[in-house]
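Asks: After the structure tokens below, expect a handful of questions from me.
The values are calculated or read from the model by the stated rules, or taken from the named source; none is laboratory data. A quick note: this is a predicted structure, and the numbers were derived from the prediction, not measured. Every residue, glycine as well, gets a Cβ built from its backbone with ideal geometry; the counts of neighbours run over all protein chains shown. Keep in mind that these areas ignore ligands, DNA and RNA; they rest on the heavy atoms of the full protein, side chains included. Shrake-Rupley method; radii C 1.70, N 1.55, O 1.52, S 1.80 Å.
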Amino acid sequence: MKNAFLFPIILMMSSVAAFAQPPASPSATPSSSPKDEVSAKPAAGAKPALVLPPEKAQPVKMPKFDKPPVIDGKLDDEVWKQAKVLKDFYQVQPGDNIAPSKPTEVLLGYDSKFLYVAFHCYDEPDKVRANIPKRDNIFDDDYVGILFDTFNDHRKAYEFDFNPLGVQADGIWTDGQNEDFNPDIVMESKGMLTSDGWTVEAAIPFKSLRYVAGKDKLWGAHFWRRIKRFNNELDMWMPLNRDISSWLAQEGHLSGLEGISAERTLELIPSLTLSETGKRRATLSSAQLAAGMLDPGRMVNDPIKFDPGLTGKYTITPNVTLDFAINPDFAQVESDQLVVTANQRFPIFFAEKRPFFL
């Protein structure tokens, strides 16, 4: 009786399952899968690929300046008329490669010793966020930024950021990791507010960089601008595909960097530590001590000890640098800030400040 009762229920469930299954497509084959069908044709309403204009698709040829511009934040030097001008930025945040809220222009040039970059950021000057913060702490202001992939390997690049007054933030960008703002690259920059927005000029010495240059050599590059009051808007010269996480894989390129003087720089940081130790020694004889006399004793110092050290950096070629240290003394490096270990689940991070390891 139980078996006879279960049979109609099983038969009814099989019928419902068969009814719920959608009919097979006449063109479908047993070997096809939903994943194969999705990859075989684009999804309905998919965004078409962005076509780059020729000035972005082709490498930008860098002009060589006859004389260096004065780095004062003003774009009134005659030499800036020789510069290559980059325009037509894309808003990549919060928009997706749409027109930016405000236009931006980048001016590029170089000579045998310096790479020159200038930004002209059009805006309403009374609404620009500009303060005088510490170095590498400019990101609460409006600012512009640069990435120079000097080996064009899409893995690592130099990052330079400037706020409207020319305060610098610089470091190393490693693809897939956070920026490292510990390095402080020697360069000159100046910015100022103008009637139509703000401008920034920067001169970056080639001897402060590691790079390849010459005929047919390319650098990867990105240029961007942040406008804080517009929902932290990010405008970039090259568009960004949100499906690709790597910025360096979507960079533009610079060419024409020839005739750069290869300067061999030598940086030496000597150190000298002096130390003196002393011991308390008895002034009474053993017989006097046996007689119960109190020995006040006296301090006798050992000879002063000298402990010299040397940390150095020597540029052999533009892409090979020798770092060396002989008995280094890191006591000259500024001390780390106090950190309260309230949460022991995460390790404490201290920024590297020793020159030999930067």
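Asks: Out of the residues in the range 175-193 that are of a type in the set (D, E, K, R) and under 10 Å from the mean Cα position of the chain (by Cα), state the one that is farthest from Phe357 (Cα to Cα). Quick ask: steps written out before the conclusion?
Replies: The initial filter retains those residues of the range 175-193 that are of a type in the set (D, E, K, R), namely 175, 179-180, 184, 188, 190.
Applying the additional criterion that residues be under 10 Å from the mean Cα position of the chain (by Cα) yields 175, 179-180.
Numbers: Asp175: 20, Glu179: 16, Asp180: 13 Å.
Per the stated criteria, the residue is Asp175.
Asks: Quick one: which of Phe357, Phe349, Phe306 is at pLDDT 75 or above and hydrophobic (A, V, I, L, M, F, W, C)? Show your work before the answer.
Replies: On the way: Phe357 fails: at pLDDT 75 or above; Phe349 fails: at pLDDT 75 or above.
Criteria check complete, one pass: Phe306.
Asks: Quick test for you: out of Phe119, Phe114, pick the one residue that is of a type in the set (Phe, Trp, Tyr) and within 29 Å of Phe357 (Cα to Cα).
Replies: Details: Phe119 fails: within 29 Å of Phe357 (Cα to Cα).
Result of the check over Phe119, Phe114: Phe114.
Asks: Of everything in the range 199-222 that's among the β-branched types (Val, Ile, Thr) and more than 18 Å from the chain's Cα centre (by Cα), which residue is surrounded by the fewest Cβ atoms within 10 Å (Cβ to Cβ)? So that I can check it myself, show each step before the final result.
Replies: As a first pass, look at the range 199-222 and keep what is among the β-branched types (Val, Ile, Thr): 199-200, 204, 212.
In the following step, the residues that additionally are more than 18 Å from the chain's Cα centre (by Cα) were identified as 199-200, 212.
On the way: Thr199: 25, Val200: 25, Val212: 15.
By that ranking, first place goes to Val212.
Asks: Could you tell me how many of the residues in the range 93-111 are exposed (fewer than 14 other Cβ atoms within 10 Å of the Cβ) and in contact (Cβ under 8 Å) with a residue 40 or more places away in the chain?
Replies: Let us first name the residues in the range 93-111 that are exposed (fewer than 14 other Cβ atoms within 10 Å of the Cβ), namely 94, 98-99.
Next, only the ones that are in contact (Cβ under 8 Å) with a residue 40 or more places away in the chain stay: 94.
Of the residues in the range 93-111, 1 are exposed (fewer than 14 other Cβ atoms within 10 Å of the Cβ) and in contact (Cβ under 8 Å) with a residue 40 or more places away in the chain.
Asks: Do we have any residue at all in the range 162-172 that's of a type in the set (S, T, N, Q), touching a Ser or Thr at 6+ places or on another chain (Cβ under 9 Å) and surrounded by fewer than 23 Cβ atoms within 10 Å (Cβ to Cβ)?
Replies: Residues of the range 162-172 that are of a type in the set (S, T, N, Q), as a first pass: 163, 168.
Keeping just the survivors that are touching a Ser or Thr at 6+ places or on another chain (Cβ under 9 Å) gives 168.
So of that shortlist, the ones also surrounded by fewer than 23 Cβ atoms within 10 Å (Cβ to Cβ) come out as 168.
Within the range 162-172, one or more residues are of a type in the set (S, T, N, Q), touching a Ser or Thr at 6+ places or on another chain (Cβ under 9 Å) and surrounded by fewer than 23 Cβ atoms within 10 Å (Cβ to Cβ).
Asks: Taking Phe324 and the conditions (1) at pLDDT below 85; (2) within 23 Å of Val186 (Cα to Cα); (3) touching a helix residue (DSSP H, G or I) at 6+ places or on another chain (Cβ under 9 Å), which numbered condition does it fall short on, given that it satisfies the others?
Replies: (1)
Asks: Here are Asp196, Asp180: which of them is touching a residue at least 40 places away in the same chain (Cβ under 8 Å), among the charged types (D, E, K, R), over 22 Å from Ile316 (Cα atoms) and open to solvent by 40 Å² or more (accessible area, probe 1.4 Å)? Before you say what the answer is, go through the steps one by one.
Replies: Details: Asp180 fails: touching a residue at least 40 places away in the same chain (Cβ under 8 Å).
Asp196 is the lone residue from the list that is touching a residue at least 40 places away in the same chain (Cβ under 8 Å), among the charged types (D, E, K, R), over 22 Å from Ile316 (Cα atoms) and open to solvent by 40 Å² or more (accessible area, probe 1.4 Å).
Asks: Here is a further query. Here are the criteria: (1) farther than 25 Å from Lys61 by Cα; (2) open to solvent by less than 50 Å² (accessible area, probe 1.4 Å); (3) touching a Ser or Thr at 6+ places or on another chain (Cβ under 6 Å); (4) not acidic (Asp, Glu). Tell me which single one Arg225 does not satisfy.
Replies: Arg225 satisfies every listed condition except (1).
Asks: Give me the pairs: first residue in the range 118-129 and in contact (Cβ under 8 Å) with a residue 24 or more places away in the chain and over 11 Å from Leu107 (Cα atoms), second residue small (Gly, Ala, Ser) and open to solvent by less than 20 Å² (accessible area, probe 1.4 Å), beta-carbon distance under 8 Å, and six or more apart or on different chains, which are they?
Replies: That search, which allows pairs on different chains as well, returns Cys121/Gly197; Tyr122/Gly197; Asp123/Gly197; Glu124/Gly197; Pro125/Gly197; Val128/Gly197.
Asks: Exactly one of these conditions fails for Ala157: (1) among the aliphatic types (A, V, I, L, M); (2) under 29 Å from Asp126 (Cβ atoms); (3) in contact (Cβ under 8 Å) with a residue 60 or more places away in the chain. Give me its number.
Replies: In the conditions (1) among the aliphatic types (A, V, I, L, M); (2) under 29 Å from Asp126 (Cβ atoms); (3) in contact (Cβ under 8 Å) with a residue 60 or more places away in the chain, Ala157 misses (2) alone.
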